[in-house]
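Before any comments, here is the structure.
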Amino acid sequence: MDYKGYLIDLDGTMYNGTEPILAAPRFIQRLQDKQVPFLFVTNNTTKTQKEVTDNLRINFDIDVTEEHIYTASLATAKYMKKLNKGNKLFVIGETGLKDALAKSGFIEDKENPDFVVVALDRAVTYTDFEVATLAIQKGAQFIATNKDTNMPSEKGMVPGAGSLVAMVVAATRVEPTFIGKPESIIMDEALETIGLKKEEVVMVGDNYETDILAGIQNGIDTLLVYTGFTNPEDMTNEMKQPTHHIHSLDEWIIR
């Protein structure tokens, strides 16, 4: 099927941790050769757009610009800005998220934040969870960047942001507003960024629970590639199947 544009996942689709997926740069090169618009839509909030592009170019032979990158960090900052409910926050997260929020005018406040934002943070401490829990109990709005319980790496499937979010949910009994895939918030903003309609694009990814459900739940065709989180056996009992599924991006024909 012909698509005017591609929304593409990173972790598990372009690479697994530090391990390259060999078909990925060839797939991106084919899109570039045919001048087909594409946007990387990732739930990973640990890196800035520049860090993502540097990583792709230096480590995985994928040469793109910052305009090709749309992260859950950017989507979170944009969503919170639209709410207009204050600019003080406490963040469990890394550089990419904190940078996006700071550029949108948000400031850190552990004592009386308007928002608590929880994302992947590989240096998180018990004290951080304590501050987040108490702030939410006092009325701070709870925002979570994404539901990913695990993420693929060269070590295997390591804990993701969703695992950290679950701890805060257990401690507060408050459900957060989720921003990243499969939620409509990030998908609507990604479509706005690439400038195309739902029926004109396909969502490409390795994770049924995030990438593929992001398409299914938001009326976007999907292409599941078995190079990361989800394997063919996982799909046996799923009622809602992806539009397409392949074992390697080399199998996909771009028209």
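Observations, loosely collected:
- Top-ranked residue in the range 62-103 [being within 21 Å of Tyr15 (Cβ to Cβ), hydroxyl-bearing (Ser, Thr, Tyr) and surrounded by 18 or more Cβ atoms within 10 Å (Cβ to Cβ); ranked as nearest to the chain's Cα centre (by Cα)]: Thr71
- Test set (1) surrounded by 16 or more Cβ atoms within 10 Å (Cβ to Cβ); (2) touching a Lys or Arg at 6+ places or on another chain (Cβ under 8 Å); (3) in a loop (DSSP other than H, G, I, E, B) - Lys47 fails condition number: (2)
- Note on the range 195-220: residues that are buried (at least 18 other Cβ atoms within 10 Å of the Cβ), under 15 Å from Val36 (Cα atoms) and over 15 Å from the mean Cα position of the chain (by Cα) amount to 3.
- Scanning the range 121-152 for residues being closer than 18 Å to Val174 by Cβ, without any contact (Cβ under 8 Å) to a residue 24 or more places away in the chain and not in a loop (DSSP other than H, G, I, E, B) gives a total of 2.
- The set of residues from the range 25-53 being among the acidic types (Asp, Glu) and over 15 Å from Thr95 (Cα atoms) comprises just one member, Asp33.
Let's see how each residue does on (1) under 23 Å from Phe129 (Cβ atoms); (2) of a type outside the set (D, E, K, R):
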{"position": "Arg30", "(1), (2)": "no, no"}
{"position": "Pro37", "(1), (2)": "no, yes"}
{"position": "Val41", "(1), (2)": "no, yes"}
{"position": "Val52", "(1), (2)": "no, yes"}
{"position": "Lys82", "(1), (2)": "no, no"}
{"position": "Ile92", "(1), (2)": "yes, yes"}
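- Some residue of the range 111-120 being farther than 16 Å from Ala171 by Cβ and not in a loop (DSSP other than H, G, I, E, B): yes
- For the range 142-184, the candidate set comprises residues that are modelled with pLDDT under 95 and of a type in the set (S, T, N, Q); within that set, the residue that is nearest to the chain's Cα centre (by Cα) is Asn146.
- The residues on offer are Val41, Val91, and the sole one that is hydrophobic (A, V, I, L, M, F, W, C), under 29 Å from Arg255 (Cβ atoms) and not in a helix (DSSP H, G or I) is Val41.
- Scanning the range 165-204 for residues that are in a helix (DSSP H, G or I) and among the β-branched types (Val, Ile, Thr) yields Val165, Val168, Val169, Thr172, Ile185, Ile186, Thr193, Ile194.
- Filter result (assigned to a loop (DSSP other than H, G, I, E, B) and under 13 Å from Ala24 (Cα atoms)) within the range 205-255: Asp206, Tyr226, Thr227, Gly228, His247, Ser248, Trp252
- Within the option set Asp221, Asp234, Asp211, being touching a residue at least 24 places away in the same chain (Cβ under 8 Å), within 18 Å of Thr149 (Cα to Cα) and touching a helix residue (DSSP H, G or I) at 6+ places or on another chain (Cβ under 9 Å) holds for one residue only, Asp234.
- Apart from one condition, Ile246 fits all of (1) β-branched (Val, Ile, Thr); (2) in the same structural domain as Leu31 (by TED's automatic domain parsing); (3) within 16 Å of the chain's Cα centre (by Cα); (4) at pLDDT 95 or above; the exception is (3).
Conditions (1) surrounded by 15 or more Cβ atoms within 10 Å (Cβ to Cβ); (2) not basic (Lys, Arg), marked per residue:
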{"position": "Val168", "(1), (2)": "yes, yes"}
{"position": "Lys181", "(1), (2)": "yes, no"}
{"position": "Thr193", "(1), (2)": "yes, yes"}
{"position": "Thr222", "(1), (2)": "yes, yes"}
{"position": "Val225", "(1), (2)": "yes, yes"}
{"position": "Thr236", "(1), (2)": "no, yes"}
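- Candidate set: the range 14-38, residues that are at pLDDT 95 or above, touching a strand residue (DSSP E or B) at 6+ places or on another chain (Cβ under 6 Å) and outside any loop (DSSP other than H, G, I, E, B); chosen: the one farthest from Asp54 (Cα to Cα): Leu31
The values are calculated or read from the model by the stated rules, or taken from the named source; none is laboratory data. As the structure is a computational prediction, the values presented were derived from the model and not from experiment. Here Cβ is always computed from backbone atoms with ideal geometry, including for glycine, and neighbour counts include all displayed protein chains.
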